[in-house]
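J.: Just passing along the structure, written as structure tokens.
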Amino acid sequence: MPSLKSTIERLSSLGEVESNPEARRIFLDFRDQLTQGKIRAAEKINGKWVVNVWVKQGILLGFRLGELSQMDDGSTLSFVDKDTFPARHFTVADRVRIVPGGSSIRVGSYVAPGVICMPPMFINVGAYIDEGALVDSHALVGSCAQIGKRVHLSAAAQIGGVLEPVNAAPVIVEDDVLIGGNCGVYEGTVVRARAVLGAGTILTRSTPLYDLVRGEVYKANEDSPLEVPENAVVVPGSRAVKKGAPAGWNLSLYTPVIVKYRDEKTDHRIELENWLR
């Protein structure tokens, strides 16, 4: 019997699948495993994050198979979306706190026990939210983003989605990271364990990260994304424009800056109240 992986790869390569009943049946099995966290868009193997291309292919297959449908969650919210990715419904047995107020989580995303979702927030298909994470108000977790244990996504934090191209790494936030309010983490950036992003920090592939402590500059390249080191404390900064005519205009460009590495004082300031969980 062919594996789910090989079947998804085969169906994804077909030019016409919309009328194929086998395709929808296979996709629904795939979607259930994705929702349960049995498969994921990326995983850490031997210390290195690896993209599961076939999982992204399966998600895209779902969009091809889906038809627009009127969806009603039974309360005050209604949606019109592809019927292959409806909103998730939770029960007490899931041990996930969904605080009232307009949040939405798509089927095909994994939300582990102990996660707290403050309204309104949104978790997109393919996302993986590990145990004890907090997704605060107006936060977004994009397609295929991987969020570790006990991560705090503060109010209005934006974790970008990377569904296409299928071989591109999604945004990855490892365990015990604090993402401050109004932060944006995009384009496959990796935030290593226990890092802290101060409010308003923006991280992208085109933005260099200046390490004032170690005297280094971190950049993305063709083979790897921008990476924030473990325990780094990052805040918004700026760098002067020194080339061309604008050099005399006293302009500066935004850049994130590592000002320290996490210590006891940092831990005390960002300590989360366990009673909330």
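The values are calculated or read from the model by the stated rules, or taken from the named source; none is laboratory data. What you see is a predicted model; the values in this text were computed from it and never measured. Don't worry about glycine lacking a Cβ; one is built from the backbone with ideal geometry, like all the others, and counts go over all protein chains shown.
J.: Inside the stretch 111-138, can you point out the residues that are under 23 Å from residue 168 (Cα atoms) and buried (at least 24 other Cβ atoms within 10 Å of the Cβ)?
T.: 111, 123, 125, 126, 127, 128, 129
J.: Of everything in the stretch 1-33 that's touching a Lys or Arg at 6+ places or on another chain (Cβ under 9 Å) and not in a helix (DSSP H, G or I), which residue is surrounded by the most Cβ atoms within 10 Å (Cβ to Cβ)?
T.: 17
J.: Is it the case that some residue within the stretch 92-115 is free of Cβ contacts under 8 Å to residues at least 12 places away in the same chain and of a type outside the set (Ser, Thr, Tyr)?
T.: Within the stretch 92-115, one or more residues are free of Cβ contacts under 8 Å to residues at least 12 places away in the same chain and of a type outside the set (Ser, Thr, Tyr).
J.: For residue 228, indicate whether it is of a type in the set (Val, Ile, Thr) and farther than 26 Å from residue 156 by Cα.
T.: Judged against the criteria, residue 228 is not a match.
J.: Continuing with this model, one more query. Just to verify a result, which residue in the stretch 179-203, among those that are polar (S, T, N, Q) and farther than 22 Å from residue 48 by Cβ, is surrounded by the most Cβ atoms within 10 Å (Cβ to Cβ)?
T.: The residue in question is 201.
J.: Here's a follow-up. Please name all residue pairs, on different chains or six or more residues apart, with Cβ atoms under 7 Å, provided the first residue is in the stretch 188-213 and is more than 21 Å from residue 152 (Cα to Cα) and the second residue is of a type in the set (Asp, Glu).
T.: If the second residue must be of a type in the set (Asp, Glu), the pairs left are 205/187.
J.: Then there's this: Any residue in the stretch 39-51 that is among the acidic types (Asp, Glu), out of contact with any Cys (no Cβ under 6 Å at 6 or more places or on another chain) and assigned to a helix (DSSP H, G or I)?
T.: Looking through the stretch 39-51, none of the residues is among the acidic types (Asp, Glu), out of contact with any Cys (no Cβ under 6 Å at 6 or more places or on another chain) and assigned to a helix (DSSP H, G or I).
J.: Which residues, counting only those in the stretch 116-156, are of a type in the set (A, V, I, L, M, F, W, C), in contact with a Lys or Arg (Cβ under 7 Å, 6 or more places away or on another chain) and under 19 Å from residue 32 (Cβ atoms)?
T.: 123, 125, 144
J.: Looking at this structure, is residue 169 of a type outside the set (Lys, Arg), at negative phi, surrounded by fewer than 21 Cβ atoms within 10 Å (Cβ to Cβ) and modelled with pLDDT under 95?
T.: yes
J.: Is it the case that residue 36 is loosely packed, with under 13 Cβ neighbours inside 10 Å, under 27 Å from residue 173 (Cα atoms), modelled with pLDDT of 95 or more and among the polar types (S, T, N, Q)?
T.: yes
J.: Let me ask something else about it. Regarding the stretch 61-83, can at least one residue be identified that is touching a Lys or Arg at 6+ places or on another chain (Cβ under 8 Å), aromatic (Phe, Trp, Tyr), closer than 23 Å to residue 113 by Cα and touching a residue at least 12 places away in the same chain (Cβ under 8 Å)?
T.: No, because not a single residue in the stretch 61-83 is touching a Lys or Arg at 6+ places or on another chain (Cβ under 8 Å), aromatic (Phe, Trp, Tyr), closer than 23 Å to residue 113 by Cα and touching a residue at least 12 places away in the same chain (Cβ under 8 Å).
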